[in-house]
């Protein structure tokens, strides 16, 4: 057919197949490598797409969590600002001082203190007007001053022990203990007043109060920046989640750094405080020495009207100077 032998066609077809087999054998590795590379590139692109989706989800979660934390911080700041603007009543000051006194008992103690001051001034030979003025000072001033002093001393003791209590919480949380169990350990083994304050938190939780609200009461009993930091950390962790042990560990470091800063400030301002005390006490010391050596020379300040005016003016200026020096050597941080 068409003048071509069928054998020639068969031989040509077999030769073409043989040539194709040789070419495929030679190019097999290259073709398979290209196929594997395409599959690998496809897998990598799919993995990158998945990673991009995960990264976008993590970024969205982080932004959502950041927004939640900011809202929680704003709410807590508003609450603390409202509490700070409220004046602390005498009853609350007595509680913060750690005194187990009712208002009736405090009033009776104040009256007794006023009578003691009046009797002491009268027995010391003071004039009747001075003895009468000593009564209100002893009834109104001295008891409140003692409450303020005891309150400040109790807060200082709390600041001494509070970083150790936070460390107990950090170690307990890292060991896998619940926060409530760690607080129970602090309420049993820490020193007062930390022990009593954490006992109040445990009792509030047993009454059904959430942990975040129970911890905020710590700031009400101990109106300190450190207790406020602790309440904010716990409240944010309860609302937004996160690594509580890391947050409390950072808080413990901050508390210790604040303690070191306070000690450094006290050391640096000790000389200025001593100078202020000497300058403030010098006029009274000189007046006493002059009165002991030549009483007639200084007695005119007490018996003459002009001398009384001079004493009043000198007392006013001395008070202003002492208040200015106190403001200069006291630092808030």
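Values in this text are rule-based calculations from the coordinates and carry no lab data. Keep in mind the model is a prediction, meaning the values are calculated, not measured.
For the stretch 169-237, what relative contact order do you get, as a whole percent, if you take Cα pairs closer than 8 Å and at least 6 residues apart? Could you put the intermediate results ahead of the total?
Values: 57 pairs, mean separation 13.5, N = 69.
RCO, the stretch 169-237: 20 percent.
Normalised Debye scattering of the stretch 182-255 at q = 0.12 Å⁻¹ gives log10 I(q)/I(0) of -0.30, counting only Cα atoms as equal scatterers and leaving out solvent. Once divided by 2.2 N^0.38 Å, the Cα radius of gyration of the stretch 269-333 becomes 1.39. Could you state the number of Å between the C-alpha centres of the stretch 132-148 and the stretch 186-252? Between the Cα centres of the stretch 186-252 and the stretch 132-148 lies a distance of 36 Å.
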